[in-house]
Amino acid sequence: MAASSGADLRAQRGRIVVGVDGSPGSLAALRRAVREASGRRLAVHAVTAWDFPVESTFADTATVGEVHPLVAAEGILVSALVDTGVAADDETVMTALIKGHPAEVLMQIAEGADLLVVGSRGHGTIFGALLGSVSHYVAAHAACPVVVIKPVTKEPAEDHPVPGADGAAPWVIRHHSRYPPYAGWRK
């Protein structure tokens, strides 16, 4: 697993970008992205966006509780990778901690990506976003196919897709006209 900057991530081809904020949806999205990338021999770029709290007046000294937001974001990303079983020496998974609003960061990093994967609901209060606003925004504006993963908390109804091995039911929200609809999640 390698750390990278936003510019490095955008320059690479053959990749799946996944937004990680530590929520159940983002953990399911990370699991799904890793599994999909493995099957298609693509790289995974796990991205965690961070920013200073709105009430902050001293950008470099602001904290979330007693922890600097960058340190908190790093802890979230590392925990998510451990929770989803990504090995520390996995060279196909790159990570990035990028300052900015999650939707904007993901849109920038996903330029030229094969796929962008996000959870349906995140921890919006940690990073200043409304719940669900990031997934709605990227689904409407991304230039690559977007898959929004909804974590399954109960048995699915008969008319809903069966969850994958990672416990997530897929939602294909939107695809860009340059790309065919992505149906790989429903086999």
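Results for (1) surrounded by fewer than 13 Cβ atoms within 10 Å (Cβ to Cβ); (2) modelled with pLDDT under 95; (3) charged (D, E, K, R); (4) over 23 Å from Ala49 (Cα atoms), shown as yes or no for each residue.
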{"site": "Thr84", "(1), (2), (3), (4)": "no, yes, no, no"}
{"site": "Leu115", "(1), (2), (3), (4)": "no, no, no, no"}
{"site": "Ile126", "(1), (2), (3), (4)": "no, yes, no, no"}
{"site": "Lys154", "(1), (2), (3), (4)": "yes, yes, yes, yes"}
{"site": "Arg178", "(1), (2), (3), (4)": "yes, yes, yes, yes"}
Taking the condition of being over 15 Å from Ala113 (Cβ atoms) and surrounded by fewer than 20 Cβ atoms within 10 Å (Cβ to Cβ), how many residues in the range 25-40 meet it?
3
For the range 66-103 the number of residues that are touching a helix residue (DSSP H, G or I) at 6+ places or on another chain (Cβ under 7 Å) and among the small types (Gly, Ala, Ser) is 3
Checked pairs for the range 131-151, first without any contact (Cβ under 8 Å) to a residue 24 or more places away in the chain, second buried (at least 20 other Cβ atoms within 10 Å of the Cβ) and of a type in the set (Ser, Thr, Tyr), C-beta under 7 Å and 6 or more apart or across chains, list as Gly132/Ser120
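The values are calculated or read from the model by the stated rules, or taken from the named source; none is laboratory data. Computed from a predicted structure; not experimentally measured. FYI the Cβ positions are ideal-geometry reconstructions off the backbone, even for glycines, and counts take in every protein chain you see.
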